[in-house]
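Here the structure is laid out as structure tokens; the discussion comes afterwards.
Just so you know, all these numbers are worked out from the coordinates, no wet-lab data involved. Only a predicted model underlies this, so the values are computations on that prediction, with no experimental measurement involved. As a convention, Cβ positions derive from the backbone with ideal geometry for all residues, glycine included, and neighbour counts pool all protein chains shown.
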Amino acid sequence: MSAYYVYWVSTALLSLLYLASAFIYATKSEWVRRALADLGYQAAYLIPLMIIVKVLGPAAILTRVSVPLSDLAYAGIFFHLILSGLSHLGVRKPAAALPAVIGLALLVTSFVTQNEAREVPSPYVQSMLRH
């Protein structure tokens with residue numbers, strides 16, 4: 001029963017992290033554009049795309065319309081957090097990578113405990129735990 005609560009708390013916190021980030025991208029686009037430029041990315045067209053992705057990823061996990069879509073959202077968020085953390089480390093700003101590290105911890109916790117809280121299990125959790 002505790003895995004049920006661990007799943008929902010970690011998933012809610014991960015979703016809150018992503019939705020807060022999407023809100024910042026939407027309301028402070030000039031600041032986000034400068035922050036991306038500091039990381040070496042001159043792609044302002046990414047901001048609207050990232051807002052959409054940062055809303056749809058948690059929505060797919062929370063609603064779980066389909067298990068494959070939810071697992072794809074987990075994978076997308078995983079790669080986004082890895083690349084985000086590495087981008088900050090690459091420009092020697094390890095403190096700025098902290099949200100990505102926290103997000104990764106929440107993501108792994110949510111992914112590993114999802115079968116305890118959901119009716120339809122993810123086949124990838126079972127195979128991952130076996131290895």
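Listed by Cβ neighbour count within 10 Å, with the fewest neighbours leading, Phe79, Phe23, Phe111 appear as Phe79, Phe23, Phe111. As I understand it, the value is the acute angle between the Cα axis of helix 67-90 and the longest principal axis of the Cα atoms of the chain; what does it come to in degrees, rounded to 10? So the inclination is approximately 40 degrees.
Could you list Ile51, Ile77 in order of exposure, starting from the residue whose Cβ has the fewest other Cβ atoms within 10 Å?
Working: Ile51 18, Ile77 26.
Ascending number of Cβ neighbours within 10 Å: Ile51, Ile77.
Once divided by 2.2 N^0.38 Å, the Cα radius of gyration of segment 8-91 becomes 1.13.
I want to verify a result. In a Gaussian network model of the chain, Cα cutoff 10 Å, which of these has the top mean-square fluctuation: Leu106, Leu49, Leu13? Ranking Leu106, Leu49, Leu13 by mean-square fluctuation puts Leu49 first. Compared with the dominant Cα axis of the chain, that is its longest principal axis, helix 46-63 is turned about 10°. Against the longest principal axis of the chain, how steep is helix 29-38, in degrees 0 to 90 to the nearest 10, with axes from Cα atoms? Helix 29-38 and the main axis of the chain meet at about 80 degrees. For the chain, modelled as a Gaussian network with Cα springs under 10 Å, which listed residue fluctuates most, Tyr25, Tyr74, Tyr41? Of the options given, Tyr41 has the highest mean-square fluctuation.
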